[in-house]
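Accompanying notes for the structure given below.
Readers should treat all values here as calculations from the given coordinates under stated rules, not as data from a laboratory. None of these values were measured; they are calculated from a predicted model. Positions of Cβ are generated from backbone atoms using ideal geometry, with glycine treated the same way; all protein chains shown enter the neighbour counts.
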Amino acid sequence: MILARVVGTVVSSQKAQKIEGIRFLLLEKINPVTMEGKGDFVVSMDSVGAGVGEIVFYVSGSSARYTDVTEGKPSDSAVIAIVDFIEKDGKYTYEKNR
Amino acid sequence: MILARVVGTVVSSQKAQKIEGIRFLLLEKINPVTMEGKGDFVVSMDSVGAGVGEIVFYVSGSSARYTDVTEGKPSDSAVIAIVDFIEKDGKYTYEKNR
Amino acid sequence: MILARVVGTVVSSQKAQKIEGIRFLLLEKINPVTMEGKGDFVVSMDSVGAGVGEIVFYVSGSSARYTDVTEGKPSDSAVIAIVDFIEKDGKYTYEKNR
Amino acid sequence: MILARVVGTVVSSQKAQKIEGIRFLLLEKINPVTMEGKGDFVVSMDSVGAGVGEIVFYVSGSSARYTDVTEGKPSDSAVIAIVDFIEKDGKYTYEKNR
Amino acid sequence: MILARVVGTVVSSQKAQKIEGIRFLLLEKINPVTMEGKGDFVVSMDSVGAGVGEIVFYVSGSSARYTDVTEGKPSDSAVIAIVDFIEKDGKYTYEKNR
């Protein structure tokens, strides 16, 4: 899974029928040490109610169809966790509520 | 899913039988903040009637077989949505009808 | 799918039994605007009778097993189309018989 | 599979139900010759009891669901081995207990 | 499939039960024109008895589970062929027994 920040949303009215009703999040991949954005973006289907600004990780590939929201759907990216904290070498690089 | 602009089409008369009748779109990946093309191209099977110039997102990998058009076919990329707008940090970086 | 030029072949006598009798093409990925090679190569299983010099596109991942030639075989890349022409922004960047 | 060093952990309380109880390791990919980190990180599900500082390799894609811990779950990365040593061209580049 | 040189082995005593008894090869990807290593490494499961120094190609993703050795196992890379020769534009860039 890859760590990213939710930076926005993508809206489409003309789309494959199977993905109607799903929320498409715009994610920017981050460096989990500096927490800076990498300028690399992906559209991901939300399965956990993530909001703009939150740090999440998403799953790619066929496993993106293994959430309650995306089962059987044409998805290659799904947000599966909102991150509370990231610990690296004994130090927090990120804590959600600080 | 990855955001891209439809920039053209690819035509083939000698191809795997299973993919006959499918429209092959030439997509250029974009930076969804600047909306500029990245010079990185992919051939994607159309499942939504997308046209040249439109901003779309496509699904990769096995999930590219999960559309009505591509089911059971050798596809690793399918356009599944035409984008109406992209919102980043509260501002639109793209609106279709402007 | 990714556009590439067939630049050669790879021959192996000691290989997994399931892939005996398959032709292994050496492909060089191309920029479909300039038609120049990228110096990035992949070995792909031929399902359409492609020859050296031709422009093709190939399918990656599990979908590379969805051709008549590669079904049930350990393949992650299969050539599924020989390209006749590529059109970008209303102009041909490639025509096979010119 | 890709070689990496376990550098930390990622904690999430709001996540897909299926992945509750799984330990999320923060991995940094390494160059297995110099053993230096590449500054490239991935979140991986632990299936072998790996600890911070250990060299491991992880499996990506659908095969990340083929461990006892991750079966049927939305996982695209699972640690499947703690490395004892790496031998390159007849020399050890890494030995765990030295 | 990707061309690579077998440069070593990786040994692990603490690993997922399903992958016991499998040989883990350290591969370095090569440029098949210059035959030089790219400094990019992958751990691959051997299905053909490949030895250090040999040029091989390996299969990635779910298809890495489609060999006799790796069936049903958490593998995303399997060596499926030892290369005899590579021909590019009518010339050999590699011949095994020269």
Size descriptor, Kirkwood hydrodynamic radius, that averages inverse alpha-carbon separations across chain D, Å = 13.9 Å
Cβ-vector label at 7 Å, B:Gly37, separations to other copies in nm | 2.4, 2.4, 3.9, 3.9
Counted charge near E:Phe41, where neighbours are those whose Cβ lies closer than 12 Å (Asp, Glu -1; Lys, Arg +1) | +4
Extreme residue, positive dipole direction of segment B:2-95, given options B:Val7, B:Gly51, B:Ile19 (C-beta unit charges) = B:Ile19
For segment D:35-64 and segment A:1-42, what is the separation of their C-alpha centers, rounded to whole Å?
-> 23 Å
With respect to the cross-link table entries D:Lys38/E:Lys15; A:Lys29/D:Lys73; C:Lys15/E:Lys88; B:Lys73/E:Lys29; C:Lys73/C:Lys96; B:Lys29/E:Lys73, which display a Cα-Cα separation exceeding 26 Å?
-> B:Lys73/E:Lys29; C:Lys73/C:Lys96; B:Lys29/E:Lys73
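Taking 8 Å as the Cα distance limit and 6 or more residues as the minimum spacing, I'd like the relative contact order of chain C as a percentage.
Numbers: 210 pairs, mean separation 26.1, N = 98.
Dividing the mean separation by the residue count of chain C yields 27 percent.
Counting other Cβ atoms within 10 Å of each Cβ, which GluC sites (Glu not before Pro) in segment C:38-92 have at most 13 and sit in a DSSP loop?
Values: sites: C:Glu54, C:Glu71, C:Glu87; in loops: C:Glu54, C:Glu71.
Answer by residue number: C:Glu71.
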